[in-house]
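**Q** Please read through the structure below; I'll follow up with questions.
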Amino acid sequence: MKQYIHRIAAIIATLCIATFFTSSIIVELFGSLNSIALVKSLIVMPGLFILIPAIATTGATGFSLAKNRKGRFVNAKKKRMPIIALNGLFLLLPAAIFLNQWAASGIFDNRFYLVQALELLVGAINLVLMGLNIRDGLKLSAK
């Protein structure tokens with residue numbers, strides 16, 4: 001059951017980040033300033049309230065599943081998870097909140113776009129790391 005919960009939470013978390021990333025790029029390229037503000041708002045609420053529990057559940061169940069396991073796939077996943085978590089907690093979460101506040105206030109200055117670029121870069125890094133974890137998880141669970 002724990003493995004099933006881990007898989008579902010990991011898929012939800014990855015889909016959330018992919019959705020945030022894709023919608024940010026599309027709205028920046030083709031949307032109006034009001035559309036950008038709407039996307040930033042939706043990323044914070046309800047987006048973060050879906051993503052944060054999914055990430056926490058993925059991490060908790062992953063560490064629980066891996067506590068008695070060894071091997072290169074488990075070790076690789078254990079090394080990636082802190083990077084994903086730190087990127088999310090210290091870069092992506094504050095960036096999402098600031099971008100939402102600035103967009104809601106109509107502040108689309110150089111600072112906004114610099115933080116937006118940083119958010120996209122770190123989001124892409126996390127997507128790659130999460131994808132690698134999913135790949136290794138599938139290898140671990142292969143029968």
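Read-outs: derived from the displayed coordinates by stated rules, not from any lab. Note that the structure is a prediction, hence the values are computed from the model and not measured. No Cβ is skipped: glycine too gets one built from the backbone with ideal geometry, and neighbour counts run over all protein chains shown.
**Q** For region 1-142, just the Cα atoms, rotate onto the principal axes and tell me the three extents in Å, largest first.
**A** 51, 24, 23
**Q** Quick test of the membrane-span-like rule: which DSSP H helices of the chain reach at least 15 Å along their long axis (C-alpha atoms) with mean Kyte hydropathy at least -1.0?
**A** The qualifying helices are 2-30, 48-66, 72-87, 93-104, 110-141.
**Q** Measuring from label point to label point, each 7 Å out along Cα→Cβ, what is the LYS78 to ILE25 span in nm?
**A** Between LYS78 and ILE25, the label points sit 3.4 nm apart.
**Q** In addition: Eigenvalues of the Cα gyration tensor times 5, then square-rooted: what semi-axes does that give for region 66-115, in whole angstrom, largest first?
**A** So the three semi-axes of region 66-115 are 37, 9, 5 Å.
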